[in-house]
Amino acid sequence: MSSENHELTDSDIKEFLEMAPLYSWSVFKKPRINRSSLWVREVDAYCDVCEQMRPFQDMRPRGGGAGMAVKTLESGTSYFEFSCVSCRKSHRVYLVEQVLDEDFIRIQKFGELPRAKLNRDRDLQRFLKDDLDNYEKAIVCLSHEYGIAAFAYFRRIVENNIYRLLELVQEDAQASEADSADLEAIDELRKESPMGDKIKVANRALPEYLKPDGLNPLGRLYQALSQGVHSLSEEECLTKANEISVCLAFLVSELATRKAHREKFKKMVSKL
Ligand SMILES: [Zn+2]
(Lines give C-alpha, C1' and ligand atoms only; values in the text may rest on other atoms or scores of the structure.)
Protein backbone atom coordinates (compact mmCIF):
# COMPACT_ATOMS: atom_id res chain seq x y z
CA MET A 1 0.00 0.00 0.00
CA SER A 2 2.85 2.37 0.79
CA SER A 3 4.23 4.38 -1.99
CA GLU A 4 7.08 6.61 -0.98
CA ASN A 5 7.47 7.92 -4.48
CA HIS A 6 4.09 9.48 -5.04
CA GLU A 7 2.12 12.21 -3.38
CA LEU A 8 -0.75 11.28 -1.14
CA THR A 9 -4.10 11.66 -2.92
CA ASP A 10 -7.75 11.24 -1.93
CA SER A 11 -7.89 7.88 -3.69
CA ASP A 12 -4.85 6.72 -1.66
CA ILE A 13 -6.65 7.65 1.54
CA LYS A 14 -9.83 5.90 0.35
CA GLU A 15 -7.92 2.73 -0.50
CA PHE A 16 -6.00 2.94 2.77
CA LEU A 17 -9.23 3.21 4.80
CA GLU A 18 -10.83 0.33 2.88
CA MET A 19 -7.88 -2.05 2.83
CA ALA A 20 -5.10 -1.38 5.32
CA PRO A 21 -4.88 -3.63 8.36
CA LEU A 22 -4.69 -2.08 11.82
CA TYR A 23 -1.31 -0.81 13.02
CA SER A 24 0.46 -1.13 9.71
CA TRP A 25 2.13 2.04 8.44
CA SER A 26 1.73 3.42 4.94
CA VAL A 27 4.15 6.07 3.70
CA PHE A 28 3.48 8.68 1.03
CA LYS A 29 5.16 11.80 -0.27
CA LYS A 30 3.68 14.91 1.28
CA PRO A 31 1.26 16.51 -1.20
CA ARG A 32 2.58 19.75 -2.64
CA ILE A 33 -0.79 21.40 -2.30
CA ASN A 34 -1.31 21.69 1.43
CA ARG A 35 -4.37 19.80 2.53
CA SER A 36 -5.94 20.87 5.81
CA SER A 37 -6.96 17.33 6.79
CA LEU A 38 -7.08 13.75 5.58
CA TRP A 39 -10.82 14.13 4.97
CA VAL A 40 -12.28 12.20 2.04
CA ARG A 41 -15.89 12.18 1.01
CA GLU A 42 -16.44 8.50 0.35
CA VAL A 43 -15.33 4.90 0.80
CA ASP A 44 -16.76 1.70 -0.64
CA ALA A 45 -17.71 -1.03 1.81
CA TYR A 46 -20.03 -3.97 2.28
CA CYS A 47 -23.36 -2.87 3.77
CA ASP A 48 -24.89 -5.44 6.12
CA VAL A 49 -28.32 -3.86 5.72
CA CYS A 50 -28.33 -3.61 1.92
CA GLU A 51 -26.36 -6.88 1.73
CA GLN A 52 -24.05 -5.61 -0.99
CA MET A 53 -21.12 -3.31 -1.63
CA ARG A 54 -22.26 0.32 -1.35
CA PRO A 55 -20.63 3.73 -1.31
CA PHE A 56 -20.42 5.11 2.24
CA GLN A 57 -20.24 8.89 2.56
CA ASP A 58 -19.39 11.36 5.27
CA MET A 59 -22.81 12.84 6.09
CA ARG A 60 -21.79 14.95 9.04
CA PRO A 61 -22.34 18.68 8.72
CA ARG A 62 -19.00 20.27 7.83
CA GLY A 63 -17.62 22.88 10.15
CA GLY A 64 -15.32 25.72 9.21
CA GLY A 65 -17.00 28.40 7.16
CA ALA A 66 -16.06 31.79 5.86
CA GLY A 67 -13.47 33.79 7.69
CA MET A 68 -11.86 30.79 9.42
CA ALA A 69 -8.12 30.45 8.92
CA VAL A 70 -7.27 27.46 6.75
CA LYS A 71 -5.45 24.96 8.94
CA THR A 72 -2.59 22.90 7.62
CA LEU A 73 -2.40 19.19 8.19
CA GLU A 74 -0.29 18.34 11.23
CA SER A 75 0.90 15.22 12.99
CA GLY A 76 -1.86 13.89 15.17
CA THR A 77 -4.99 11.78 14.80
CA SER A 78 -7.98 11.84 12.44
CA TYR A 79 -11.52 10.58 12.86
CA PHE A 80 -13.55 9.32 9.90
CA GLU A 81 -17.25 8.52 9.88
CA PHE A 82 -19.21 7.30 6.85
CA SER A 83 -22.78 6.08 6.32
CA CYS A 84 -24.23 3.90 3.58
CA VAL A 85 -25.70 6.21 0.91
CA SER A 86 -28.62 3.85 0.27
CA CYS A 87 -29.96 2.86 3.68
CA ARG A 88 -28.07 5.34 5.89
CA LYS A 89 -28.39 2.75 8.62
CA SER A 90 -24.98 1.18 8.54
CA HIS A 91 -21.84 3.08 9.35
CA ARG A 92 -18.08 2.87 9.11
CA VAL A 93 -15.75 4.55 11.58
CA TYR A 94 -11.97 4.74 11.28
CA LEU A 95 -9.30 6.19 13.56
CA VAL A 96 -6.04 7.13 11.92
CA GLU A 97 -2.74 8.47 13.24
CA GLN A 98 -0.73 10.65 10.89
CA VAL A 99 2.92 11.60 11.32
CA LEU A 100 4.34 14.29 9.05
CA ASP A 101 7.89 15.38 8.46
CA GLU A 102 9.58 17.58 5.88
CA ASP A 103 8.91 15.26 2.92
CA PHE A 104 6.71 12.37 3.95
CA ILE A 105 3.43 11.54 5.58
CA ARG A 106 3.04 8.24 7.43
CA ILE A 107 -0.39 6.93 8.34
CA GLN A 108 -1.66 3.98 10.37
CA LYS A 109 -5.13 2.88 11.37
CA PHE A 110 -5.52 2.39 15.09
CA GLY A 111 -9.24 1.74 15.16
CA GLU A 112 -11.99 0.49 12.90
CA LEU A 113 -15.71 -0.18 13.37
CA PRO A 114 -17.24 -2.55 12.64
CA ARG A 115 -14.38 -4.99 13.01
CA ALA A 116 -13.00 -5.88 9.55
CA LYS A 117 -14.00 -9.33 8.38
CA LEU A 118 -11.23 -11.68 7.38
CA ASN A 119 -11.25 -12.58 3.74
CA ARG A 120 -11.74 -16.34 3.65
CA ASP A 121 -12.31 -18.19 0.40
CA ARG A 122 -15.30 -20.56 0.55
CA ASP A 123 -13.98 -23.02 -2.05
CA LEU A 124 -10.60 -23.12 -0.36
CA GLN A 125 -12.21 -23.71 3.03
CA ARG A 126 -14.04 -26.67 1.58
CA PHE A 127 -10.94 -28.02 -0.13
CA LEU A 128 -8.82 -27.57 3.02
CA LYS A 129 -11.37 -29.08 5.38
CA ASP A 130 -8.69 -31.26 7.04
CA ASP A 131 -6.24 -28.39 7.26
CA LEU A 132 -8.55 -25.59 8.36
CA ASP A 133 -6.50 -24.79 11.44
CA ASN A 134 -3.47 -23.86 9.33
CA TYR A 135 -5.64 -22.01 6.82
CA GLU A 136 -7.25 -19.94 9.58
CA LYS A 137 -3.84 -19.03 11.02
CA ALA A 138 -2.52 -18.18 7.55
CA ILE A 139 -5.47 -15.84 6.92
CA VAL A 140 -5.07 -14.11 10.28
CA CYS A 141 -1.35 -13.55 9.65
CA LEU A 142 -2.07 -12.25 6.16
CA SER A 143 -4.68 -9.80 7.44
CA HIS A 144 -2.14 -8.36 9.91
CA GLU A 145 0.54 -8.38 7.21
CA TYR A 146 2.73 -10.74 9.27
CA GLY A 147 4.47 -11.88 6.11
CA ILE A 148 6.97 -14.43 7.44
CA ALA A 149 4.35 -16.26 9.48
CA ALA A 150 1.74 -16.12 6.70
CA PHE A 151 4.22 -17.52 4.19
CA ALA A 152 5.24 -20.33 6.58
CA TYR A 153 1.60 -21.37 7.13
CA PHE A 154 0.66 -21.16 3.44
CA ARG A 155 3.76 -23.11 2.49
CA ARG A 156 2.78 -25.82 4.97
CA ILE A 157 -0.74 -25.88 3.51
CA VAL A 158 0.66 -26.39 0.01
CA GLU A 159 2.96 -29.16 1.28
CA ASN A 160 0.06 -30.93 2.98
CA ASN A 161 -2.36 -30.65 0.08
CA ILE A 162 -0.38 -30.57 -3.15
CA TYR A 163 -1.11 -34.23 -3.98
CA ARG A 164 -4.85 -33.74 -3.52
CA LEU A 165 -4.62 -30.71 -5.75
CA LEU A 166 -2.75 -32.73 -8.39
CA GLU A 167 -5.50 -35.36 -8.23
CA LEU A 168 -8.12 -32.69 -8.93
CA VAL A 169 -6.09 -31.34 -11.85
CA GLN A 170 -5.67 -34.86 -13.23
CA GLU A 171 -9.33 -35.69 -12.86
CA ASP A 172 -10.24 -32.52 -14.69
CA ALA A 173 -7.66 -33.07 -17.41
CA GLN A 174 -8.90 -36.61 -18.02
CA ALA A 175 -12.53 -35.53 -18.19
CA SER A 176 -11.62 -32.74 -20.58
CA GLU A 177 -9.37 -34.97 -22.67
CA ALA A 178 -6.47 -32.62 -22.19
CA ASP A 179 -3.17 -33.10 -23.97
CA SER A 180 -1.48 -36.38 -22.99
CA ALA A 181 1.68 -34.38 -22.31
CA ASP A 182 -0.22 -32.56 -19.55
CA LEU A 183 -1.33 -35.83 -17.99
CA GLU A 184 2.21 -37.23 -18.11
CA ALA A 185 3.59 -34.11 -16.47
CA ILE A 186 1.05 -34.33 -13.64
CA ASP A 187 2.00 -37.99 -13.15
CA GLU A 188 5.63 -37.01 -12.99
CA LEU A 189 4.92 -34.47 -10.26
CA ARG A 190 3.55 -37.20 -8.05
CA LYS A 191 6.87 -39.06 -8.11
CA GLU A 192 9.86 -38.31 -5.93
CA SER A 193 12.19 -35.89 -7.67
CA PRO A 194 14.32 -32.86 -6.82
CA MET A 195 12.34 -29.65 -6.32
CA GLY A 196 14.20 -27.90 -9.14
CA ASP A 197 12.89 -30.48 -11.61
CA LYS A 198 9.39 -30.24 -10.20
CA ILE A 199 9.15 -26.51 -10.84
CA LYS A 200 10.06 -27.12 -14.49
CA VAL A 201 7.53 -29.92 -14.81
CA ALA A 202 4.81 -27.95 -12.98
CA ASN A 203 5.33 -25.09 -15.39
CA ARG A 204 4.19 -27.30 -18.27
CA ALA A 205 1.77 -29.54 -16.36
CA LEU A 206 -1.35 -27.43 -16.63
CA PRO A 207 -3.82 -27.41 -19.52
CA GLU A 208 -4.10 -23.98 -21.14
CA TYR A 209 -7.56 -23.33 -19.71
CA LEU A 210 -6.07 -23.31 -16.19
CA LYS A 211 -3.42 -20.77 -17.16
CA PRO A 212 -5.02 -17.33 -17.44
CA ASP A 213 -2.90 -15.26 -19.82
CA GLY A 214 -0.20 -17.92 -19.69
CA LEU A 215 0.29 -17.49 -15.92
CA ASN A 216 0.79 -20.90 -14.40
CA PRO A 217 -0.57 -21.08 -10.82
CA LEU A 218 0.79 -24.60 -10.26
CA GLY A 219 4.28 -23.51 -11.23
CA ARG A 220 3.99 -20.62 -8.76
CA LEU A 221 2.97 -23.00 -5.99
CA TYR A 222 5.98 -25.24 -6.60
CA GLN A 223 8.20 -22.21 -6.71
CA ALA A 224 6.90 -21.18 -3.30
CA LEU A 225 7.59 -24.67 -1.96
CA SER A 226 11.18 -24.46 -3.13
CA GLN A 227 11.88 -21.30 -1.16
CA GLY A 228 12.72 -21.23 2.54
CA VAL A 229 11.30 -18.60 4.85
CA HIS A 230 14.81 -17.81 6.06
CA SER A 231 16.04 -16.44 2.75
CA LEU A 232 13.31 -13.84 2.29
CA SER A 233 12.52 -10.48 3.85
CA GLU A 234 9.23 -9.82 5.66
CA GLU A 235 7.91 -7.98 2.61
CA GLU A 236 8.94 -10.70 0.14
CA CYS A 237 7.29 -13.29 2.38
CA LEU A 238 4.08 -11.26 2.38
CA THR A 239 4.12 -11.12 -1.43
CA LYS A 240 4.74 -14.88 -1.60
CA ALA A 241 1.98 -15.62 0.90
CA ASN A 242 -0.48 -13.55 -1.13
CA GLU A 243 0.65 -15.31 -4.28
CA ILE A 244 0.05 -18.76 -2.77
CA SER A 245 -3.34 -17.68 -1.48
CA VAL A 246 -4.40 -16.35 -4.90
CA CYS A 247 -3.00 -19.31 -6.88
CA LEU A 248 -4.60 -21.89 -4.58
CA ALA A 249 -7.93 -20.10 -4.58
CA PHE A 250 -7.91 -19.78 -8.38
CA LEU A 251 -7.06 -23.43 -9.03
CA VAL A 252 -9.41 -24.88 -6.44
CA SER A 253 -12.40 -22.74 -7.39
CA GLU A 254 -11.80 -23.16 -11.12
CA LEU A 255 -11.59 -26.94 -10.77
CA ALA A 256 -14.63 -27.08 -8.49
CA THR A 257 -16.71 -25.00 -10.91
CA ARG A 258 -15.68 -27.09 -13.90
CA LYS A 259 -16.53 -30.27 -12.03
CA ALA A 260 -19.94 -28.94 -11.01
CA HIS A 261 -20.67 -27.87 -14.61
CA ARG A 262 -19.63 -31.28 -15.97
CA GLU A 263 -21.88 -33.11 -13.53
CA LYS A 264 -24.84 -30.87 -14.21
CA PHE A 265 -24.35 -31.28 -17.94
CA LYS A 266 -24.10 -35.07 -17.69
CA LYS A 267 -27.23 -35.23 -15.58
CA MET A 268 -29.22 -33.11 -18.03
CA VAL A 269 -28.02 -34.92 -21.15
CA SER A 270 -28.65 -38.36 -19.66
CA LYS A 271 -32.28 -37.35 -19.17
CA LEU A 272 -32.75 -36.45 -22.83
ZN1 LIG B 1 -26.95 0.15 3.17
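The values are calculated or read from the model by the stated rules, or taken from the named source; none is laboratory data. Since we're looking at a predicted model, the values are computed, not measured. Counting neighbours? That spans all protein chains shown, and the Cβs are built from the backbone with ideal geometry, glycine included. Only protein heavy atoms, including side chains, enter the accessible area calculation; ligands, DNA and RNA are left aside. Shrake-Rupley method; radii C 1.70, N 1.55, O 1.52, S 1.80 Å.
Structure above, values below:
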| item | result |
| --- | --- |
| Hey, GLU74 in a strand (DSSP E or B), among the acidic types (Asp, Glu), away from the ligand (no atom under 16 Å from the Cβ) and outside the structural domain of GLY147 (by TED's automatic domain parsing) or not | no |
| The range 11-25: number of residues that are closer than 16 Å to ASN119 by Cα and part of a loop (DSSP other than H, G, I, E, B) | 3 |
| Restricting the range 88-106 to residues that are within 27 Å of the chain's Cα centre (by Cα) and over 23 Å from SER3 (Cβ atoms), the residue that is farthest from the ligand (Cβ to nearest atom) | VAL93 |
| Residue satisfying all of: in the range 45-62; within 16 Å of the ligand (Cβ to nearest atom) and open to solvent by 60 Å² or more (accessible area, probe 1.4 Å); farthest from SER3 (Cα to Cα) among these | VAL49 |
| Where GLU236 falls short, out of the listed (1) surrounded by 14 or more Cβ atoms within 10 Å (Cβ to Cβ); (2) under 20 Å from the mean Cα position of the chain (by Cα); (3) of a type in the set (D, E, K, R); (4) over 24 Å from GLU145 (Cβ atoms) | (4) |
| ALA181 vs. criteria of a type in the set (A, V, I, L, M, F, W, C), touching a helix residue (DSSP H, G or I) at 6+ places or on another chain (Cβ under 9 Å) and exposed (fewer than 13 other Cβ atoms within 10 Å of the Cβ) | yes |
| Meets criteria (open to solvent by 60 Å² or more (accessible area, probe 1.4 Å), farther than 30 Å from LYS137 by Cα and out of contact with any Leu (no Cβ under 9 Å at 6 or more places or on another chain)) for LYS267 | yes |
| Answer from GLY228, GLY214, GLY219, GLY196 - the residue that is without any contact (Cβ under 8 Å) to a residue 24 or more places away in the chain, open to solvent by 20 Å² or more (accessible area, probe 1.4 Å) and of a type in the set (Gly, Ala, Ser) | GLY214 |
| Filter pass, LYS30 being in contact with a strand residue (DSSP E or B) (Cβ under 6 Å, 6 or more places away or on another chain), at pLDDT below 95 and surrounded by 15 or more Cβ atoms within 10 Å (Cβ to Cβ) | yes |
| The one condition in (1) open to solvent by 20 Å² or more (accessible area, probe 1.4 Å); (2) more than 16 Å from the ligand (Cβ to nearest atom); (3) in contact (Cβ under 8 Å) with a residue 24 or more places away in the chain; (4) not in a helix (DSSP H, G or I) that ARG120 fails to fulfil | (3) |
